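Asks: Please read through the structure below; I'll follow up with questions.
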Amino acid sequence: MDEKQLNIIELRNYLIKPNKREEFAAYFTTHFIDTQIETGLYPLAQFRIKNLHDRFFWIRGFEDMKARDKGLPAFYEQSEAWKTHGPGANELMLEFHNVYLLQPLCETDSNVRAFEQLKPVVVINYYLAKEDCLCDLVNLFHASDCKGSLWVSVMEENNFARLPVIQDEHLLVSIASYESEEVYYKTIAECDEFDIRAKELISDMDSLVLYRM
């Protein structure tokens, strides 16, 4: 499976009931990893978010939008796993709508092996480019020393409306991983020039530091 190409991913950021994240993570791992794979869905990694103790973050991949259109109904509407254990998962969650639907700018970044090889600390940066500045932002990133794979929003219609997603034509997302936070902070110190020039091209930015579970 590690050579399979995943041309679509979801970044899913859940708000869990207070002090229930570890319980949710265990429940998720027990009931929803193998059962999603059986329906053509690929849970790629699960994370804690730095300083956000009630957040559970995970990445799910699909071969393409047709596979997503087929796999999501098969899991959420037809599988015994979700019928049996879905209510228990929903009972532990407060919010599940913070989801980005993305596609890669480079195919080599989107196979299963790339996600299996993510290091313990993963950093996701969300850049919202100014009007007509997305290409310039991508070029600036490529010309810099900054690490990470690059992703943009899938702009075709969400083919499983039951699960809302965020889609923005001005969005650029970078995903990078590091052996430790110390390595991460040392690395970004070398990207000062990118940060200065990027401010001219973006209207907003958010960054998440994640720890693999």
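Please treat every number below as a calculation from the coordinates, not as lab data. Please read all numbers here as calculations on a predicted model, not as lab measurements. Note that we place each Cβ from the backbone using ideal geometry, even for glycine, and neighbour counts take in every protein chain shown.
Asks: All other residues with a Cβ under 13 Å from the Cβ of PHE32 taken together, and with Lys, Arg as +1 and Asp, Glu as -1, what is their net charge?
Replies: Neighbour charge sum, excluding PHE32 itself: 0.
Asks: Further question: Most mobile of LEU150, LEU15, LEU52 per a Gaussian network model of the chain (Cα springs, under 10 Å)?
Replies: In the Gaussian network model the winner is LEU52.
Asks: Follow-up. Could you point to the label whose value was computed as P(r) over Cα pairs in 5 Å bins from 0, in percent for the structure here, given (1) 1, 6, 14, 18, 18, 15, 11, 8, 5, 2, 1, 0, 0; (2) 1, 7, 16, 22, 23, 18, 9, 3, 0, 0; (3) 1, 7, 14, 19, 20, 18, 11, 6, 3, 1, 0?
Replies: Computing P(r) over Cα pairs in 5 Å bins from 0, in percent and matching it to (1) 1, 6, 14, 18, 18, 15, 11, 8, 5, 2, 1, 0, 0; (2) 1, 7, 16, 22, 23, 18, 9, 3, 0, 0; (3) 1, 7, 14, 19, 20, 18, 11, 6, 3, 1, 0 gives (3).
Asks: On full extension of the chain, what length is gained from LYS199 through ASN90, given 0.36 nm per residue of separation minus the C-alpha to C-alpha distance?
Replies: Between LYS199 and ASN90, full extension yields an extra 35.3 nm.
Asks: Given Cβ point charges of +1 (Lys, Arg) and -1 (Asp, Glu) and nothing else, what value in debye, to the nearest 20, does the dipole of the chain about its Cα centre take?
Replies: Using Cβ point charges on Lys, Arg, Asp and Glu, the chain gives about 700 debye.
Asks: Using 1/(1 + (r/R0)^6) with R0 = 25 angstrom and r between the beta carbons of HIS97 and ASP192, what's the FRET efficiency to the nearest 0.05?
Replies: 0.10
Asks: Given contacts defined as C-alpha pairs under 8 Å and at least six residues apart, what's the relative contact order of the chain, whole-number percent?
Replies: 28
Asks: Now a separate question. What range in the chain is the longest one free of trypsin sites (Lys or Arg not before Pro) that are in a loop by DSSP and have at most 10 other Cβ atoms within 10 angstrom?
Replies: That gives 1-161 as the longest site-free run.
Asks: What list of ³J(HN,Hα) couplings, whole Hz, do you get for segment 203-209 from phi and the Karplus terms 6.51, -1.76, 1.60, once you set θ to phi - 60° and write x for glycine and proline?
Replies: 9, 6, 8, 9, 9, 10, 9
Asks: List the pairs from LYS130/LYS186; LYS17/LYS70; LYS119/LYS199; LYS20/LYS119; LYS50/LYS199; LYS50/LYS186 whose alpha-carbon separation is above 20 Å, in the order I gave them.
Replies: Over 20 Å apart, Cα to Cα: LYS130/LYS186; LYS17/LYS70; LYS119/LYS199; LYS20/LYS119; LYS50/LYS199.
Asks: I've got another one for you. What is segment 105-213 by shape, rounded, prolate or oblate, if you read a ≥ b ≥ c off the alpha carbon gyration tensor as root eigenvalues and call it rounded for a/c under 1.5, prolate for a/b larger than b/c, and oblate otherwise?
Replies: Oblate is the answer for segment 105-213, as a/c is 1.5 or above yet b/c matches or exceeds a/b.
Asks: Length gain on complete extension for the stretch LYS147 to TYR185, per 0.36 nm per residue less the alpha carbon to alpha carbon distance?
Replies: 12.5 nm
Asks: Within segment 82-182, report the GluC sites (Glu not before Pro) that DSSP leaves as loop and that have at most 15 other Cβ atoms within 10 Å.
Replies: Sites meeting the loop and neighbour criteria: GLU131, GLU156, GLU157, GLU169, GLU179.
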